[in-house]
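A short worksheet on the structure shown next.
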Amino acid sequence: MSEIKKIYLKKGKEESLLRRHPWVFSGAIARVSSQIEEGEMVDVFTSTGEFIARGHSQVGSIAVRVLTFEQEAIDSAWWSSRIASAREVRGALGLLDDPATTCYRLVHGEGDNLPGLVIDIYGSTAVVQCHSVGMYLSLGSIAEALRSVYGDTLSAIYNKSSQTMPYKADVEVEDGYLWGHGEGEEVVLEGGHKFAVNWAKGQKTGFFIDQRANRELVGRYALGRNLLNTFCYTGGFSIYGLAGGARSVTSVDSSAIAIELVDRNVSLNFPEGAPHRSAAMDTFDFLRTVEDGEYDMMILDPPAFAKHHKVLGNALQGYKRLNARAMEKIAKGGILFTFSCSQAVSKEQFRLAVFSAAAIAGRKVRILHQLTQPTDHPINIYHPEGEYLKGLVLYVE
């Protein structure tokens with residue numbers, strides 16, 4: 001193994017690392033021992049030459065994603081240990097042997113001490129997404145560790161990193177099977193409901209696993225209600241609403257492909273038919289066609305309006321406009337589920353945007369629940385930025 005290159009920090013810039021925050025920012029670096037390639041393993045030292053962390057180098061404001069605060073070898077045993085630790089957590093959550101749920105997140109980046117890596121399990125297939133060049137260059141070790149930890153219970157490993165690599169990354173990324181093979185799709189169970197997941201062609205890894213607990217809550221409120229599910233993607237909230245006894249469910253998404261998947265999932269779960277209709281349409285355009293009081297339950301789960309802080313102001317305006325329009329339309333006594341999955345938007349900023357929307361709509365609004373991501377999307381206590389999913393359940397008078 002070649003000598004690991006060294007990064008030296010400016011005086012006083014080691015404080016966040018001493019608190020075990022897993023990022024080194026470019027502005028904290030004083031000098032490097034030699035030219036460093038993106039994704040290369042590096043050691044980080046204080047200004048006085050004391051070792052502090054080891055991780056993957058990266059181009060951009062985050063210069064290093066820390067893998068360990070020890071001078072230990074990042075070898076096959078290390079990768080297997082980290083994957084085994086993540087699996088042990090999911091076992092403690094009851095996700096490994098739940099016959100009603102066959103999909104879950106195995107690795108959630110910094111939350112599982114593997115920054116830049118996401119792994120979702122769909123039945124017997126692991127779908128891997130790399131968010132850094134370092135993790136992408138480590139795919140072979142990751143696949144080997146998955147096979148070691150899961151054994152015969154895993155039949156395939158699929159790489160889906162082309163959508164998640166940094167846009168300036170100087171590497172060619174190809175999606176495809178790292179090991180095993182398959183059709184790129186599988187019908188999985190979540191809470192006893194069937195969902196067709198296509199990791200080869202779908203968004204993210206094929207399914208938004210992070211809304212599992214919130215979908216269950218929708219099912220508890222849906223009885224007898226007319227539900228509008230906007231930005232519905234593959235219809236997770238719609239399926240739970242129908243199963244919960246909604247009088248009617250309308251699913252809206254701008255993607256015609258997503259709407260086809262919604263309709264397919266409805267048929268999988270309700271082969272005899274269900275009070276469901278779908279529309280491939282922009283949500284704002286659709287809301288203009290809605291009569292006041294037509295729906296007494298709504299879901300607002302848009303894609304990330306702000307992927308970085310430079311567009312934060314525009315994102316907050318977008319959340320305010322969307323929520324104000326929904327509050328203007330929802331029936332008296334309606335239940336509104338509203339979400340932000342933008343990491344750049346804090347809980348306080350999102351709540352303020354929703355508060356402003358209520359004022360614009362002129363409605364009395366009560367907060368019933370404050371929602372976040374489920375337990376298989378853990379938050380590293382030293383990395384609060386990992387709490388990306390924010391949600392509110394509102395009662396609108």
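Only the coordinates and a few stated rules stand behind these numbers; no lab work does. Since the model is a prediction, treat every value here as computed from it, not as a measurement. Positions of Cβ are generated from backbone atoms using ideal geometry, with glycine treated the same way; all protein chains shown enter the neighbour counts.
Express in whole angstrom the spacing between the alpha-carbon centres of the stretch 1-67 and the stretch 351-372.
After rounding, the separation between the Cα centres reads 42 Å.
Expressed as a rounded percentage, what relative contact order does the stretch 262-397 have, with Cα pairs under 8 Å and six or more residues apart? Walk me through the intermediate numbers first.
Working: 214 pairs, mean separation 35.3, N = 136.
Across the stretch 262-397, relative contact order equals 26 percent.
For the chain, build the charge dipole from Cβ charges (+1 Lys, Arg; -1 Asp, Glu) around the Cα centre, then report which of Thr46, Ser132, Thr102 sits farthest towards its positive end.
Thr46
Using alpha carbons only, how many degrees (0 to 90, rounded to 10) separate the axis of helix 139-150 from the longest principal axis of the chain?
It works out to around 70 degrees.
Given axes a ≥ b ≥ c from the Cα gyration tensor, I'd like to know whether the stretch 254-304 is rounded (a/c under 1.5), prolate (a/b larger than b/c) or oblate. The partial results should precede the final answer.
Details: a/c = 2.12, a/b = 1.38, b/c = 1.54.
Here the stretch 254-304 falls in the oblate category.
If you keep only loop residues by DSSP, which GluC sites (Glu not before Pro) in the stretch 176-236 have at most 11 other Cβ atoms within 10 Å of their Cβ?
Answer by residue number: Glu183.
Report, in degrees rounded to the nearest 10, the 0 to 90 angle that the Cα long axis of helix 212-221 makes with the longest principal axis of the chain.
For 212-221 against the chain, the angle is about 20 degrees.
Residue farthest toward the positive end of the dipole of the stretch 44-164, with Cβ of Lys/Arg at +1 and Asp/Glu at -1: which of Ala63, Ser85, Ser148?
The residue sitting farthest along the positive end of the dipole is Ala63.
Let me check against my output: what whole-number percent is the relative contact order of the chain, with C-alpha pairs under 8 Å and at least 6 apart?
Values: 841 pairs, mean separation 43.6, N = 397.
Normalised by residue count, the contact order of the chain is 11 percent.
Please list, or write none, the lysines whose alpha carbon is within less than 30 Å of the alpha carbon of Lys11, excluding same-chain residues fewer than 8 places away.
Cross-link targets: Lys168, Lys310.
Quick one: helix 256-269 against the long Cα principal axis of the chain, what's the angle to the nearest 10°, folded into 0 to 90?
That helix lies at roughly 70 degrees to the long axis.
What is the dipole size for the stretch 1-93, taken about its Cα centre, with +1 at each Lys and Arg Cβ and -1 at each Asp and Glu Cβ, in debye to the nearest 20? It would help to have the intermediate numbers written out before the result.
On the way: 13 positive and 12 negative charges, 71 e Å.
Computed about the Cα centre, the dipole is about 340 debye.
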